[in-house]
Amino acid sequence: MDFKLVAEDKGSKARAGVVTTAHGEIQTPIFMPVGTAGTVKAVHQRELHDDVKAQIILGNTYHLYLRPGLDIIEAAGGLHKFNGWEKPILTDSGGYQVYSLSGTRKIKEEGVTFKSHIDGSKHVFTPENVMDIQRTIGADIIMAFDECTPYPCEYGYARESMEMTHRWLKRCCDRFDETEGKYGYDQTLFPIVQGSTFKDLRIKSAETIASFGREGNAIGGLSVGEPHEMMYEQTEVVCDILPHDKPRYLMGVGTPENILECIALGVDMFDCVMPTRNARNGMLFTSEGIINIRNEKWKDDFSPIDPNLGGYVDTFYSKAYLRHLVISKEILAAQIASIHNLSFYLWLVKEAREQIQKGTFVDWKNKMVKKVTTRL
């Protein structure tokens, strides 16, 4: 993997860059749609490519490992072949899903023992086998196995968890470096900074992660319930330490406002389930503000969903029609709303990139933050 910076904003720490992988280029800053089980919910790959303009999508190690299972994915020739997505893919390590199974998992130095949410069967994730699993899935960018601490979190626990994450990272790197990809192309491993909301731990973790010298780095353990200002504070601390010439990925973030503010702090890559999850509940993020399409006020609004975005669903369907589909619980409602919200997120980061290159990012960002947080 290669990363090249093409522009930096003078009024902030925002940057525009290009990540080059075996499956193509990614223009940063970028938002990555989440395809948990090998699919971005309610969206065809063709729509992701043509309408949403996605450049990279996510797969989830925990879910794919359990279903369809590694045998099926390997027999298909990897996740790219299995789901037909020809552009880059990133897989998380399953650490977050294991963290969320707090009632059915045990964390030890060796790894994590957990029960499947599907059938209750028992499984073990270790730093080594998580590298092997992600080799088999075949993503371009794979994540180190870490423990994501909850919020709030006691200092002692956060420190011990972070130190274990660092020890696990050494094991991940060793295993990754002694193995090869299965499908004839290179993969890249990103370590993950932890440390909860404690500045001294975040500094130590960022310095440790940077010392491993991998091609890119991630920031984990944020957007787990802490106030936004706290998230921004920790993100800034970490971005100031992580290497300037490598991409920085803020995991699980977030709202359009979060993304804009964190681009200004020097983050390059984002992912979040919010655009698709909220779409299925009738919440639309638009270039003018937030719409709850269920509200009565939209029932006779025949204007396009968001003409500023220019895509098919945004110019072809009206707000009134989409509201009718949502109220009627039609499946098409989830499809249209999901494509729209993802299109908006990709439009937003593309606009941010253009503003960075023009040197007008900060003024534009401040105006956009007001817009994207307004409820229409």
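Data table
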{"quantity": "Pairs, first open to solvent by 30 Å² or more (accessible area, probe 1.4 Å) in the stretch 327-352, second of a type in the set (Gly, Ala, Ser), C-beta under 8 Å, six or more apart", "calculated": "Ile331/Ala42; Gln335/Ala42; Trp347/Ser287"}
{"quantity": "Only listed residue being at pLDDT below 95 and closer than 20 Å to Leu242 by Cβ, chosen from Thr149, Thr165, Thr197", "calculated": "Thr149"}
{"quantity": "Hits in the stretch 241-254 (condition: of a type outside the set (A, V, I, L, M, F, W, C), touching a helix residue (DSSP H, G or I) at 6+ places or on another chain (Cβ under 8 Å) and in a loop (DSSP other than H, G, I, E, B))", "calculated": "Pro243, Gly252, Gly254"}
{"quantity": "Single unsatisfied condition, Ser223 versus (1) at pLDDT below 95; (2) surrounded by fewer than 21 Cβ atoms within 10 Å (Cβ to Cβ); (3) in contact with a helix residue (DSSP H, G or I) (Cβ under 7 Å, 6 or more places away or on another chain); (4) of a type outside the set (A, V, I, L, M)", "calculated": "(2)"}
{"quantity": "Every residue from the stretch 44-81 that is crowded, with 20+ Cβ neighbours inside 10 Å, over 16 Å from the mean Cα position of the chain (by Cα) and part of a helix (DSSP H, G or I)", "calculated": "Glu47, Asp51, Leu64, Tyr65, Ile73, Leu79, His80"}
{"quantity": "Test: Ile137 is within 25 Å of Gly184 (Cβ to Cβ), in contact with a His (Cβ under 7 Å, 6 or more places away or on another chain) and β-branched (Val, Ile, Thr)", "calculated": "no"}
{"quantity": "Options Gly24, Gly84, Gly95: the member that is in contact (Cβ under 8 Å) with a residue 12 or more places away in the chain and open to solvent by less than 10 Å² (accessible area, probe 1.4 Å)", "calculated": "Gly95"}
{"quantity": "Set Gly38, Gly103: member being small (Gly, Ala, Ser), free of Cβ contacts under 8 Å to residues at least 40 places away in the same chain and either open to solvent by 10 Å² or more (accessible area, probe 1.4 Å) or in a strand (DSSP E or B) (or both)", "calculated": "Gly103"}
{"quantity": "Scope the stretch 362-376; condition open to solvent by 70 Å² or more (accessible area, probe 1.4 Å) and of a type in the set (Lys, Arg); matching residues", "calculated": "Lys367, Lys370, Lys371, Arg375"}
{"quantity": "Residue satisfying all of: in the stretch 210-220; assigned to a strand (DSSP E or B) and of a type outside the set (S, T, N, Q); surrounded by the most Cβ atoms within 10 Å (Cβ to Cβ) among these", "calculated": "Ile219"}
{"quantity": "Options Glu236, Glu229, Glu257, Glu207; residue that is open to solvent by 40 Å² or more (accessible area, probe 1.4 Å), without any contact (Cβ under 8 Å) to a residue 12 or more places away in the chain and part of a helix (DSSP H, G or I)", "calculated": "Glu229"}
{"quantity": "Members of the stretch 107-140 found to be surrounded by 20 or more Cβ atoms within 10 Å (Cβ to Cβ), among the hydrophobic types (A, V, I, L, M, F, W, C) and part of a loop (DSSP other than H, G, I, E, B), listed by number", "calculated": "Ala139"}
{"quantity": "First in the stretch 359-372 and over 14 Å from Ile259 (Cβ atoms) and at pLDDT below 95, second anywhere and open to solvent by 60 Å² or more (accessible area, probe 1.4 Å) and part of a helix (DSSP H, G or I), Cβ under 9 Å, 6 or more apart", "calculated": "none"}
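The values are calculated or read from the model by the stated rules, or taken from the named source; none is laboratory data. What you are looking at is a predicted structure, and each value in this text was computed from that prediction instead of being measured. Note that we place each Cβ from the backbone using ideal geometry, even for glycine, and neighbour counts take in every protein chain shown. SASA here: full protein model, heavy atoms, side chains in, ligands and nucleic acids out. Shrake-Rupley method; radii C 1.70, N 1.55, O 1.52, S 1.80 Å.
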